[in-house]
Each structure stands twice: as structure tokens, then as C-alpha cells.
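Here the structure comes first, spelled out in C-alpha cells, and everything after it is commentary.
The values are calculated or read from the model by the stated rules, or taken from the named source; none is laboratory data. Please read all numbers here as calculations on a predicted model, not as lab measurements. Backbone-built Cβ (ideal geometry, glycine too); neighbour counts: all protein chains shown. For the accessible areas, the whole protein counts, side chains as well, though only heavy atoms, and no ligand, DNA or RNA atoms are used. Shrake-Rupley method; radii C 1.70, N 1.55, O 1.52, S 1.80 Å.
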Amino acid sequence: MAAHQEKKLAEERKHQNMQNDTKVSQGQWGRAWEVDWFSLASIIFLLMFAPLIVYYFIMSCDQYQCSLTDPLLDLLTGNKHLSDIWNRTPTLTYRAAGIYSLWVAFQVVLYVSIPDFCHKFLPGYVGGVQEGAVTPAGVVNKYEINGLQAWIITHVLWFANASCFHFFSPTIIFDNWIPLLWCANILGYTVSTFAMIKGYFFPTNAKDCKFTGNFFYDYMMGIEFNPRIGKWFDFKLFFNGRPGIVAWTLINLSFAAKQQELYGKVTNSMILVNVLQGIYVLDFFWNEAWYLKTIDICHDHFGWYLGWGDCVWLPYLYTLQGLYLVYHPVQLCTAHAAGVLMLGLLGYFIFRMTNHQKDLFRRTNGNCRIWGKKPEYIECSYVSVDGTKYYSKLMTSGFWGWARHFNYTGDLMGSLAYCLACGFEHILPYFYIVYMTILLTHRCIRDEHRCCSKYGKDWKRYTAAVPYRLLPGIF
């Protein structure tokens, strides 16, 4: 009887904690309810020009040997018209449509039909069914974490085909690169439009929807927090990881195969890009359960920003270094190659260890050792929307004592290494570091704005203790 009462009390406490977490979540997470003019202008700009930016970069490689200035000079001097460039652009083909349809269907099957088995034999790997964060409506979604498994199966089949079966050429992705771009755009716009319609008429959870009344903002930033079909098909987790990130390493491998076909060898720069970006991709899938606690899952709604972005922007602009090296093979000197490798590995080490320190601190509530000693922190308090006061701790030790977002610093170091592997003849490969700097700086500001609203004067104490955001002594 006593055991039954204790169990009942524990369940009540758990339910109460979930309710409290929900109220906190409602006050702190989710996109805006209202749209200011600056945000609306930014949204319309991205909707209009982001697809054109992708097309411009890919077209410049296909028609102008990766020069970003020559297309503009041709147009300004009258040497060519827009119609000339467009008419030379490969169109959508049945072959590309078939390849892309089979690819997406295969990833859907791997995602929803094959439970994870990697966690059963890989020590330290967290896979299988995992819980996400509490949504504003108080829902705790469950996810089948099997991205690493999908990546392994996909790549085993890729190498088996390349070495034994020869059903298709390893250069198949490069050979159909622009026709596949049109397929990716079709999927990106289709899933984004479907997500918006679903949010209006049959949402997964109506309490996790936000409507601003502005069509453009709702379309881009999304209405539903966690749109799903059935029990397991979660739009955010699937489209961010599969087919986009699984494809990342396959795309680079196809570029390397094309370089081998054209020039009879694969340069050390192409190997560096494949290795460093491959480490990043594997890290994502190894820590996919951790990703459930990140800003993408816990804050962003699913709209065009994620739907189209994951289908088009990610696979086409994150792989620019490999594409560039097909058109401009670069054989780096030993010192240059070693420097790029060291920068990339150091960036990855900082990125991973910084996140590890934060996770360890949170799991142990500060009862751990960071760099051999007990971590320092600032006690913070905040009040939820129902007036309940909560307490938390902000660490000021280890890498988190150097800068408030030092994990992003490591990420940027890795991003710079990818670009430096391509040499210095063209600016196109350096788009990635420019984009990542803007993206992560914006994330810093966005995150700190929420933290300032949440913690108030305690946040000012924290920023006084850790005055820099990304670069100690500079910014």
C-alpha cells in the first residue's frame, strides 16, 4: 500500500513538473506571434532571392568555371542575356526525377520501417526510441533515433555498388546535379506548402500552432511546432537529417569520383574536404539524440525555412567546396594540407568538447569536474508565466568561461578549414564561411535575447563574468 502511494505521488510530481515545464516553454520558446516590418522585409527577401542564390552558384560552376563575376559582367556588357544563360541550363529529366524519387523513398523506408540496432552494439551511442523536449502544448514527442544506421546502410550500399555491382556510376550525382536541383526544389516547395495547409486544417497538435495572420511569415517560419504523419514520421527530424545530411557525404564522394574520372586522380584537397565534412556528418548522427534538445527542434516551427532549406540550401550550398574542386582540382603542398587538417580537427575538437562540457554540467547539476576542478557557475532564477519561480545554473568554467558560444567558434574553425582546402583562386568556396558566420552570429544574438528576457539581471551578471560571445578578447 505504501509503495502504491509512493508511486502515485511520484507520478503526480512528474505530471506537475511537466505542467510547469510546459508553462515555462510557452513563455520562452516558439517563433513570434506578431511580425514587424523588418522581419517581414527579411522574409520576403529570402523567399525571393534564396532560390536565385542557389541557382546562381550552381550555374556559375556549370557555365563559367565557378566565377561569380563573369556572369554579371556578361549581362552588364550585353555579351549575353538572361535567356542565353537560362537556355544553357540543363532541364528536369525523367532520369533525375527517378533517381531523386527513389532516393527520398529509400530514406523514408530507412527512417520509419527499420528500428535502430546500432545502440545495441556501439558503446556510448544513444539510439532507438528517445524523448524530445516538452513542447509549448505540454507534449513530449518520441523519436526513433536511427540516423547513424541509415547513414551506414546507405554508404555500405554505395560502396558495394561502386566496387562490385556497378548498377550505376559513382559520378551519378554530379552527372545529374542541375536536374536534381529542380527535383529538390519541387520537394522543398511541396513539403513546405503541405506543412502550411496541414497546420491550418489538420495539425498534429493545434495547441502547438502559431498564426500571425501574415501569409509570408507563416509560410516561411512555419505554423506547426512538430508536424507529424502517423506515430513516427516527424517532419523536422526527417528533413533535417534525411535526405539532406545523409546525402552530404554521398555528394562529396560523387564529386571525388568525377575528379578521378576527369583527371585520373583525386587531389589531397578533395580528400580533405571529404574527410573533414565526413567527420562533421558522422558527429551529427552519433549525437542525433542530443540534437532533440537543440534550437532547431525546441524553438523553430516547420515551414519553408526548414523544408526548402533542408532539401535545397543544405545539400547544394554546403557542398560547394567539393563541386568547385571538380572544376578546379587543387593539389595542396604538404604544409598547406597539414595546416588545413589541423585547423579542421582542432575546430571539431573544440566544437565537440564544448558541447560535452555543457552536457556534463547539466546532467550532474554542476557536480562534476571541468578541466580537473569543480566548475564555477552563476545561480540564476526566472519566473514562468504562472508566476512560479525556478532556479538554474549558467557555467562560467572551461570553454564556457572563454566565450558564451564557444561551440560556435569551433564550428566556424571547421567551416574555414573546408574553404581553405580549395586554395585562393576563387571566392566561391568561401561562401560557406561567410554564410556560417552570419548564421551563427544571428543565432548568438537570438539566443541571448531570449536569455536576457528570461533571466533579467542574472543574465547581466553572467555576461559580466563571460563578456565575449564568440572570440575571446574580440567579440
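Kindly list, by first and then second residue, each pair from a residue in the stretch 222-243 that is at positive phi to a residue that is part of a helix (DSSP H, G or I) and open to solvent by 10 Å² or more (accessible area, probe 1.4 Å), limited to pairs with Cβ atoms under 9 Å and residues at least 6 apart or on different chains.
These pairs meet every condition: Gly222/Met196; Gly222/Tyr305; Gly222/Leu306; Gly230/Val112.
Checking Val312 against (1) closer than 21 Å to Leu181 by Cα; (2) part of a loop (DSSP other than H, G, I, E, B), which single condition isn't satisfied?
Going through (1) closer than 21 Å to Leu181 by Cα; (2) part of a loop (DSSP other than H, G, I, E, B) one by one, Val312 breaks only (2).
Tell me whether the stretch 365-388 contains one or more residues that are within 30 Å of Leu341 (Cβ to Cβ), buried (at least 18 other Cβ atoms within 10 Å of the Cβ), touching a Gly at 6+ places or on another chain (Cβ under 7 Å) and among the small types (Gly, Ala, Ser).
No, the stretch 365-388 contains no residue that is within 30 Å of Leu341 (Cβ to Cβ), buried (at least 18 other Cβ atoms within 10 Å of the Cβ), touching a Gly at 6+ places or on another chain (Cβ under 7 Å) and among the small types (Gly, Ala, Ser).
Within the stretch 448-468, which residues are within 24 Å of the chain's Cα centre (by Cα) and either open to solvent by less than 60 Å² (accessible area, probe 1.4 Å) or of a type in the set (A, V, I, L, M) (or both)?
Answer for the stretch 448-468, where residues must be within 24 Å of the chain's Cα centre (by Cα) and either open to solvent by less than 60 Å² (accessible area, probe 1.4 Å) or of a type in the set (A, V, I, L, M) (or both): Glu448, Arg450, Cys451.
Identify the residue in the stretch 229-279 that is in a helix (DSSP H, G or I) and among the charged types (D, E, K, R) and, among all such residues, is surrounded by the fewest Cβ atoms within 10 Å (Cβ to Cβ).
Glu261
From Thr249, Thr294, which residue is hydroxyl-bearing (Ser, Thr, Tyr), assigned by the TED database to the domain that holds Ile197 and more than 24 Å from Phe168 (Cβ to Cβ)?
Thr294
For Ala335, are the conditions met, namely being among the aliphatic types (A, V, I, L, M) and open to solvent by 20 Å² or more (accessible area, probe 1.4 Å)?
When the stated conditions are applied, Ala335 passes them.
Kindly indicate the residue of the stretch 50-82 that is of a type in the set (S, T, N, Q) and in a helix (DSSP H, G or I) and also farthest from Asp310 (Cα to Cα) among those meeting that condition.
In this case the residue turns out to be Thr77.
On the given criteria, is Pro429 assigned by the TED database to the domain that holds Tyr391 and assigned to a loop (DSSP other than H, G, I, E, B)?
no
Whether any residue in the stretch 280-300 is farther than 29 Å from Leu46 by Cα, of a type in the set (A, V, I, L, M), modelled with pLDDT of 95 or more and in a helix (DSSP H, G or I) is what I want to check.
Within the stretch 280-300, one or more residues are farther than 29 Å from Leu46 by Cα, of a type in the set (A, V, I, L, M), modelled with pLDDT of 95 or more and in a helix (DSSP H, G or I).
Kindly indicate which of Tyr100, Tyr111, Tyr56 is open to solvent by less than 60 Å² (accessible area, probe 1.4 Å) and within 20 Å of Phe431 (Cβ to Cβ).
Tyr56
Of the residues Ile474, Ile445, which single one is surrounded by fewer than 17 Cβ atoms within 10 Å (Cβ to Cβ), at negative phi, among the aliphatic types (A, V, I, L, M) and in a helix (DSSP H, G or I)?
Residue meeting the stated conditions: Ile445.
Of all residues being farther than 17 Å from Tyr455 by Cα and part of a strand (DSSP E or B) in the stretch 349-388, which is nearest to the chain's Cα centre (by Cα)? Just the residue, please.
Result: Ile370.
Restricting the first residue to the stretch 355-381 and requiring it to be assigned by the TED database to the domain that holds Ala403, which pairs with a second residue that is open to solvent by 90 Å² or more (accessible area, probe 1.4 Å) and not in a loop (DSSP other than H, G, I, E, B) meet a Cβ separation below 9 Å and a spacing of at least six or different chains?
Short answer, once both residue conditions are applied: Ile378/Arg461; Glu379/Tyr391; Cys380/Tyr391; Cys380/Arg461; Ser381/Lys389; Ser381/Tyr391.
Between residues in the stretch 438-462 that are not assigned by the TED database to the domain that holds Ile295 and residues that are open to solvent by 50 Å² or more (accessible area, probe 1.4 Å), which pairs lie under 7 Å by C-beta distance while being six or more apart or on different chains?
From the stretch 438-462, the pairs are Cys444/Arg469; Trp459/Cys452.
Considering only helices (runs of 4 or more DSSP H) fully contained in the stretch 106-205, which possess at least 1 residues that are touching a strand residue (DSSP E or B) at 6+ places or on another chain (Cβ under 9 Å) and at negative phi?
Those helices (runs of 4 or more DSSP H) span 177-201.
Hey, can you tell me all the residues within the stretch 120-141 that are in contact (Cβ under 8 Å) with a residue 60 or more places away in the chain, open to solvent by 50 Å² or more (accessible area, probe 1.4 Å) and under 30 Å from Lys210 (Cβ atoms)?
The answer is Gln130, Glu131.
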